[in-house]
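Inspection log for the structure reproduced underneath, given as structure tokens.
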Ligand SMILES: Cc1cc2nc3c(=O)[nH]c(=O)nc-3n(C[C@H](O)[C@H](O)[C@H](O)COP(=O)(O)OP(=O)(O)OC[C@H]3O[C@@H](n4cnc5c(N)ncnc54)[C@H](O)[C@@H]3O)c2cc1C
């Protein structure tokens, strides 16, 4: 369906992947767009990401949205009209996501709660797979033997089953925002670096202009795309309180001492999640010749973080802090499912950044409750890169009025589906029943 032209001036605050793809979409639609970034593009989580993309979620809106995102990233270079040299490399590798689930019977009888939890998460996983298949995702439920036959380095012993989606994979983060902003500028978008939003001029439930260190910027619409800074920024510009918690997250890199499988098999390894539930959730994927490892550990929000804290690695989390470090805790989880991978070599690097987490692990995409012309696109937890294409589509729909009773009709080839914007409404009630179950 052709998108009718809109007019109006939009200022997007933030220079990450979310902002880049929103800028392109709005400029294509006819809006006059300015991006304000306090440092330079990629200053936030977009350059510190594990960059996975999956449609295996338990929230139906997200499953639909991520199918769109995977489709969008598979057409990335055509949609952004990338130059020939950039087209040599695809932005996405669809190696698939493999969630492994443990058999409750491997847990000793004296841990009845743990056994019950494992039975429950496997039941949820199968129900989620049924829902995902219903909305068109090619997800499969695999037996332990099937997993072992397909990926011999994974032992079947602890498993009760797995879910596998071959269209999931991982992205090249810097390509998303560098190509996004390149195309945005080609479409007339102004990207102002080193321009920090510090306040706003308000008038009758609306933002009239943003105040920055480089002067004021008037517009008809304002988009808060600052993710981990979103909760700090919103009240400064007259907006609502946002429940976005900056949570520290770490990535580790393992270098095999010698090859543990054929190079082609290594490059095809899926993002593998080694068990779901408490004290589980370690995951890995190939990063060229290295293995990238991660896990979302329990931690307190760091609401007073500064930019440098994004790269701060506390001693217990350093890969070179002896064996008493968090990277080895991740390897210990992997070892229970794949001793071959866990013992393939040593950890050679640690990187870090913040998730912008919300109470139900779903993002905040929608209008502000106080300022009528302020839209938030933030709180993406560990999913902002994969969300960026669908976030851009939803923001465009909100600004253009393409919303019918709170629903946005998806474009072809997904035009059989709609997305209920209430799921992502920044002012929604965060009850536990609507919490995303598959959080990493
Ligand atoms: C370790 C780790 C692993 C992750 N793994 C994944 C994954 O596997 N898959 C996935 O999809 N996502 C993952 N994420 C999350 C993902 O990286 C983020 O959700 C995403 O990058 C958010 O992009 P963004 O553009 O919304 O925000 P950001 O990239 O954080 O950009 C926000 C920008 O706003 C700017 N800004 C802030 N305040 C102001 C202001 N007042 N004025 C002007 N500019 C301002 C900042 O400088 C920053 O550049 C991971 C994140 C981390 C840290």
Checklist entry - Computed over the Cα atoms, what is the radius of gyration of the chain divided by 2.2 N^0.38 Å, N being its residue count? => result 0.98
Next on the checklist: Please arrange 10, 244 by how many other C-beta atoms lie within 10 Å of their C-beta, fewest to most.
Outcome noted: 10, 244
Checklist outcome for this item: Compactness check, segment 200-242: C-alpha Rg relative to the 2.2 N^0.38 Å globular estimate gives 1.11
Checklist outcome for this item: Per segment 218-374, sqrt(5λ) over the Cα gyration tensor eigenvalues, sorted largest first, in Å, gives 37, 17, 14
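Using the Cα atoms as the points, what is the convex hull volume per residue of segment 37-110 in Å³?
Details: hull volume 14.1 nm³, N = 74.
Hull volume over Cα atoms, normalised by residue count, gives 191 Å³.
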Checklist entry - What's log10 of I(q)/I(0) for segment 87-147 at q = 0.27, 0.29 Å⁻¹, Debye sum over Cα points only, no solvent? => result -1.15, -1.21
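Kirkwood hydrodynamic radius, computed over distinct alpha-carbon pairs, for segment 31-164: how many Å, to one decimal?
Hydrodynamic radius (Kirkwood, Cα only) of segment 31-164 equals 18.1 Å.
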Checklist outcome for this item: Quick note on 185, 38, ordering by fewest other C-beta atoms within 10 Å, gives 185, 38
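When 72, 229 are ordered from fewest to most other Cβ atoms inside 10 Å of their Cβ, what list results?
With the fewest neighbours first, 72, 229 line up as 72, 229.
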Checklist outcome for this item: Per the helix-only model, the chain has a calculated mean residue ellipticity at 222 nm (DSSP H runs of ≥4, -39500 (n - 2.57) each, divided over all residues, rounded to the nearest 500) of -8500 deg cm²/dmol
Checklist entry - By how many degrees, between 0 and 90 and to the nearest 10, does the Cα long axis of helix 384-400 differ from the longest principal axis of the chain? => result 30 degrees
Item to check | Extension reserve of the residue 289-residue 149 stretch, reckoned as 0.36 nm per residue once the Cα distance is removed | outcome: 48.1 nm
Next on the checklist: Give me log10 I(q)/I(0) at q = 0.14, 0.19, 0.25, 0.28 Å⁻¹ for segment 1-59, Debye formula, one equal scatterer per alpha-carbon, no solvent.
Outcome noted: -0.54, -0.80, -0.96, -1.06
Item to check | Folded to 0 to 90 degrees: helix 17-29 orientation relative to the chain principal axis, Cα | outcome: 50 degrees
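If you average the sequence gap of Cα pairs under 8 Å that are 6 or more apart and divide by the length of the chain, what percent do you get for the contact order? Intermediate results must be reported in sequence, preceding the final value.
Details: 953 pairs, mean separation 96.7, N = 440.
After rounding, I find 22 percent.
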Checklist entry - Cα axis of helix 112-134 to longest principal axis of the chain: angle in degrees, 0 to 90, nearest 10? => result 60 degrees
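Laboratory data are not the source of any read-out in this text; all were calculated from the coordinates shown. Computed from a prediction, not measured in an experiment: that's the story for all the values here. FYI the Cβ positions are ideal-geometry reconstructions off the backbone, even for glycines, and counts take in every protein chain you see.
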